[in-house]
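Notes to accompany the following structure.
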Ligand code: OFO
């Protein structure tokens, strides 16, 4: 059974993952209406992925006899000055998520809940990938040069390729218990 401090820490992480999903949905919508179809594809996949991250926490908390709480919806920003600013925000957001995971991991370690610490390791690894992807996108933006004529078009074409290569994880693939045979 989860102790209360660990349960609260995991429920805090649910809030963060839910907000991540909301934020990327708002970003996807902005990209779509501005004509950045490749970036929108990537961010629509990202919003789904974040929901899976949230659901994985739900399953874990409830499997350990805690109570996973559905968080309030926070309204994310709806407007961005450019695609460059938007992806800078993505990187900043993912860095904040990594800090938050580390805080929850610290609570689990302090409470000597090594099962939860082991569970959170999945998120630690996931964050390495999420931050690396955001940095990779910003590197592409720098290489193409946003001030080049057609730069935004080329950036979006690169995002289209990244989106096509991205497979959204399913809940079954990330839950601790294997699906029943
Ligand atoms: Fe849940 O990984 Fe991004 O935020």
Tilt, helix 37-63 to longest principal axis of the chain (alpha-carbon atoms), in degrees rounded to tens, equals 0 degrees
Extend 7 Å from the Cα of residue 89 along its Cα-to-C-beta direction; within the range 115-137, residues with backbone N under 19 Å of that point are 131, 133-137
So what's the angle, to the nearest 10 degrees on a 0 to 90 scale, between helix 151-165 and the longest Cα principal axis of the chain?
40 degrees
Taking the Cβ of each residue in 116, 170 as the centre, tally the other Cβ atoms inside 10 Å and list the residues starting with the fewest.
170, 116
Tell me the angle of helix 83-110 to the major Cα principal axis of the chain, expressed in degrees between 0 and 90 and rounded to the nearest ten.
10 degrees
To the nearest 0.05, what FRET efficiency results for residue 75 and residue 102 with a Förster distance of 30 Å applied to their C-beta separation?
0.70
If R0 is 25 Å, what FRET efficiency do you get for residue 12 and residue 164 from their C-beta distance, rounded to 0.05?
0.15
Going by C-beta contacts inside 10 Å, put 135, 51 in order with the fewest on the left.
135, 51
For the chain, modelled as a GNM with alpha-carbon contacts under 10 angstrom, which of 125, 11, 62 fluctuates the most?
125
For Cα pairs less than 8 Å apart in space and 6+ apart in sequence, what is the mean separation divided by the residue count of the chain, i.e. the relative contact order in percent?
31 percent
Extension length gain for residue 122 and residue 63 (0.36 nm per residue less Cα distance), in nm, is 19.6 nm
Can you give the Rg to Rh ratio for the chain, taking only C-alpha atoms and Rh from Kirkwood?
1.02
Rounded to 0.05, the calculated FRET efficiency for the beta carbons of residue 153 and residue 129 at R₀ = 35 Å is 0.80
Taking the number of other C-beta atoms within 10 Å as the exposure measure, put 41, 99 in order starting with the fewest.
99, 41
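Every number here is computed from the coordinates shown, using simple stated rules; none is lab data. All figures in this text were calculated on a predicted structure; none of them were measured in a lab. Reconstructed Cβ throughout: ideal geometry from the backbone, glycine too, with neighbour counts over all protein chains shown.
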